[in-house]
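The values are calculated or read from the model by the stated rules, or taken from the named source; none is laboratory data. Keep in mind it's a predicted model, so treat the numbers as computed, not measured. When we count neighbours, we look across all protein chains shown, and the Cβ atoms used for this are built from the backbone with ideal geometry, even at glycine. Ligands, DNA and RNA are stripped out before the accessible areas are found, and what is left, the full protein with its side chains, is counted by its heavy atoms. Shrake-Rupley method; radii C 1.70, N 1.55, O 1.52, S 1.80 Å.
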Amino acid sequence: MVGVEQWAEIRRLHRVERVSIREISKRTGLHRKTVRRALAVAEPPKYSRPPGGSKLDPFKEWICEQLQADPRIQSQRLREIAGELGYEGGKSIFDDFVREVRPRFLAPRTFQRTIYRPGELAQCDLWEPKQHIPVGHGQTRRGWVVTCEVCWSRAIAGTLIFTKEAPDILWGLARNLTRLGALPEKLVWDREASIAAGGRPTEPFAACCGQLEVGWVILEPRDPQAKGALERSHRFMRSNFEPGRVFANHLDFQDRLDAWCEKVNGRVHRTVRAIPGERLAEERAWMRLLPARMPDVDRRHVVRVPAQPFVRVDRNDYSIDPQFAGRRVELRVSQTDVSAVVLDTGELAARHRRVFSGGLTITDPSHQSRLERQREKRRQRHQVEVEIRPLSRYDEPIPA
């Protein structure tokens, strides 16, 4: 058989140098008929043979029937059933065939490129850092970052929170919108339990959107592709923000996250091929201004001050002014403060800075001083004053 190199040389000699077939036969040592056959073939020679049979061939139609009945059945299970029916072939050839034919029986899902209008949408989600966040007192705590990305400009903002409850998530959302500096038409959320459990917006989320006068888009379950822009930003956070950084506490984490977002918003985005910060400045012309006052999302509940004047908030005990023991107070818990106001008089019963580490007792020095004074008064009530007479009085004569 003539090789590819020899076939090419024969054609070059005959077509280019005009060498005769007889001369080519002498130079190459090939028979003239072989030279003629090489010149008559336009394609380079190659070795081929008819495919041999396979142990899988008798089962191919059966596999297709099983996939038509259940397109998602696993290849391992199909191979087990085929083994019971007499299949003796290998695993690889079986699995490769199933992988090849399975798409014929699955309902195809395709995606189209999404084009956003300026100021139309902002994608929101939660991103969980890999490492727990230091919160002081030698403790760390699991945290989440509420992220928000404006779809047209691709500007991003993030806020650290420590629970997935509605007050914390909505506070993080409000802070992100404040940093972005404007309001989109709609917020895109997945079915986070505190936001849209079961596909319907929760009451706190709907109330917050009503106060901001923005709409919402709740995604279908298990559909992260619908907010792919933010999912790619989360992947970038995992690979660029978190590695190589050690945080002193949660405040340090938030400051460095803000600085990182500013840096990212100032660099050219690969998808839009522009700087997100500059596009956001243009996009604000189509967006509404922030309200003068953001929605109040602090936790509020009424408690009666116990005889031991402390209230439990997020695993910690905070002191209350002991003079209000037995009276009802409205407890207000924000991300920075814990305060209590007496219901009937409006007096401030306590104000503490919120601590995110746990198992602590936070006492205001003024509350401790008042508690000690009250304790001293209670002790004095139990003391009886006894008259002490001078001894000379007993020497006086008793009057008749």
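For Ser54, what accessible area in Å² do you get when you roll a 1.4 Å probe over the heavy atoms of the protein chains, rounding to the nearest 10? That residue has around 40 Å² of solvent-accessible surface. Using the Cβ of Arg273 as centre and a radius below 11 Å, the other residues enclosed give a net charge of +3, where K and R count +1 and D and E count -1.
Over all directions, the average projected area of the alpha-carbon convex hull for the chain comes to how many nm²?
Its average projected convex-hull area is 46.3 nm².
Output the 0 to 90 degree angle, nearest 10, between the alpha-carbon long axis of helix 75-84 and the longest principal axis computed from the alpha carbons of the chain. Helix 75-84 and the main axis of the chain meet at about 60 degrees. Using a/c under 1.5 as the rounded threshold, could you call segment 52-190 rounded, prolate or oblate? The axes a ≥ b ≥ c are square roots of the C-alpha gyration tensor eigenvalues, and prolate needs a/b larger than b/c, oblate otherwise. Note, shape of segment 52-190 comes out prolate. In this structure the amide hydrogen of Val217, modeled in the peptide plane, comes within under 5 Å of the amide hydrogens of Leu187, Val188, Trp189, none closer than 5 places in sequence on its chain.
For segment 209-224, putting each phi into the Karplus relation 6.51 cos²θ - 1.76 cosθ + 1.60 with θ = phi - 60° gives couplings of 5, x, 5, 7, 6, 10, x, 9, 10, 9, 7, 6, x, 6, 9, x Hz, in residue order, rounded to whole numbers and with x for Gly and Pro. Charge tally around Gly358: other residues with Cβ under 14 Å, Lys/Arg +1 each, Asp/Glu -1 each, net +3.
Counting only heavy atoms of protein chains, what accessible area per residue, in Å², does the chain have with a probe of 1.4 Å?
63
Carbon and sulfur: what percent of segment 90-196's accessible surface (1.4 Å probe)? Carbon and sulfur atoms account for 49 percent of the accessible area of segment 90-196. Heavy-atom surface analysis with a 1.4 Å probe gives segment 223-337 a carbon and sulfur content of 49 percent of its accessible area. Can you classify segment 280-354 as rounded, prolate or oblate using the Cα gyration tensor, where a ≥ b ≥ c are the square roots of its eigenvalues, rounded means a/c under 1.5, and otherwise it's prolate if a/b beats b/c and oblate if not? Since a/c reaches 1.5 and a/b is larger than b/c, the shape of segment 280-354 is classed as prolate. The count of lysine pairs in the chain with alpha-carbon distances below 25 Å, taking only pairs 8 or more places apart or on different chains, stands at 11. Ordering Tyr394, Tyr318 by accessible surface, largest first, gives Tyr394, Tyr318; the 1.4 Å probe counts only protein heavy atoms, with every chain in place. Using the Karplus relation 6.51 cos²θ - 1.76 cosθ + 1.60 with θ = phi - 60°, the per-residue 3J(HN,Hα) values for segment 256-267 come to 6, 5, 4, 5, 5, 4, 4, 5, 5, 5, x, 10 Hz, with x marking Gly and Pro. What the phi angles of segment 174-187 give under the Karplus curve with 6.51, -1.76 and 1.60, with θ = phi - 60°, is a coupling list of 4, 5, 5, 5, 5, 5, 6, x, 6, 10, x, 6, 9, 10 Hz, glycine and proline written as x.
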